[in-house]
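Here's the structure, in structure tokens; my notes come after.
The values are calculated or read from the model by the stated rules, or taken from the named source; none is laboratory data. Predicted, not measured: the structure shown is a model, and the values here were computed from it. Note that each Cβ is placed from the backbone with ideal geometry, even for glycine, and that neighbours are counted across all protein chains shown.
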Amino acid sequence: MAATILIVEDESAVARGLEYALTQEGYTVTLARTGEDGLQAAVNQAPDLVILDVRLPGMDGFEVLRRLRADGAKMPVLFLTARDDEVDKVIGLELGADDYLTKPFGLRELMSRIKALLRRAYGDLADAAGGRVIRHRDLLIDLERRRVSRGQRRISLTATEFEILRHLATRPGRVYTRRELLDLIRDYEALDQDEKTINVHVSHLREKLEDDPADPVFILTVRGVGYQFAER
Ligand code: CA
């Protein structure tokens, strides 16, 4: 799964240019046009990195970053500034920006900054095609570290629950029968052979992951067949 980048930029030409270039590099890109929308997208989607224009209509980039950090978001943020005096502000305010570029900038420069920021923040996950972290909404599944979280909340799963989640989430939308899941996790726990065991694990998973286990948004039931992880 590609690294995700949120671009908060009100100038259409710049935003579209960035979107195109980053998509070409293999990143998954979302756009926001205002500070308010950008903040909301950053909180809801938990992108791997945010490119944040300083001058935005309404809430400016500084305020977006301040609120984002106050909310506990730790993803790297690259500021885009129009003038050198804004650069002083970026550095001086110690808002928690990780880097900045002054417009106009070259795409090659931007790409190398982004790669460096992602590498610093996520280590091996730096590549656009990294694929060791799965996210859906605010759910984050770190396959390497076998960690699961929603927003700032760490979720503790049993080995079997993690394996079920891993299999489902790796292929969103793919429907797994209970038999398939049972076969996939058999190595991880001495299970009895009853397919209903899967129902119990899924029910535990939902209690841990979902806001409302009776109305799940991550692990969906496909009636008469099995389970699937929600598609984006
Ligand atoms: Ca602007």
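Of the residues G38, G17, only one is assigned to a helix (DSSP H, G or I), under 17 Å from the mean Cα position of the chain (by Cα) and within 16 Å of the ligand (Cβ to nearest atom); which? Unique residue meeting the criteria: G38. Of the residues making up the stretch 209-220, those that are surrounded by 14 or more Cβ atoms within 10 Å (Cβ to Cβ) and either of a type in the set (F, W, Y) or free of Cβ contacts under 8 Å to residues at least 60 places away in the same chain (or both) are E210, P213, P216, F218, I219, L220.
Quick check on the stretch 89-135: of everything there that is among the hydrophobic types (A, V, I, L, M, F, W, C), closer than 20 Å to R69 by Cα and in a helix (DSSP H, G or I), which residue is modelled with the highest pLDDT? Step by step, filter the stretch 89-135, then rank; the result is I114.
A Cβ distance below 7 Å, combined with a sequence gap of six or more or placement on separate chains, defines the contacts here; from the stretch 73-88, residues that are part of a loop (DSSP other than H, G, I, E, B) reach residues that are within 16 Å of the ligand (Cβ to nearest atom) and modelled with pLDDT of 75 or more in the pairs M75/V50; A82/V54; A82/R55; A82/K103.
Return yes when R150 is at pLDDT 90 or above, farther than 29 Å from A70 by Cβ and surrounded by 13 or more Cβ atoms within 10 Å (Cβ to Cβ) and no when it is not. Criteria not met by R150.
Can you tell me which residue within the stretch 42-57, out of those that are of a type in the set (V, I, T) and within 16 Å of E11 (Cβ to Cβ), is farthest from the ligand (Cβ to nearest atom)? Among residues in the stretch 42-57 that are of a type in the set (V, I, T) and within 16 Å of E11 (Cβ to Cβ), the one farthest from the ligand (Cβ to nearest atom) is I51. So which residues in the stretch 20-35 are within 17 Å of the chain's Cα centre (by Cα) and either surrounded by 19 or more Cβ atoms within 10 Å (Cβ to Cβ) or in a strand (DSSP E or B) (or both)? Once the filter is applied, which keeps residues that are within 17 Å of the chain's Cα centre (by Cα) and either surrounded by 19 or more Cβ atoms within 10 Å (Cβ to Cβ) or in a strand (DSSP E or B) (or both), the stretch 20-35 yields L22, Y27, T28, V29, T30, L31, A32.
Picking from residues in the stretch 58-81 that are farther than 19 Å from E19 by Cβ and within 16 Å of the ligand (Cβ to nearest atom), the one that is modelled with the highest pLDDT is M59. Residues of the stretch 2-14 that are away from the ligand (no atom under 14 Å from the Cβ) and crowded, with 18+ Cβ neighbours inside 10 Å: A3, T4, I5, L6.
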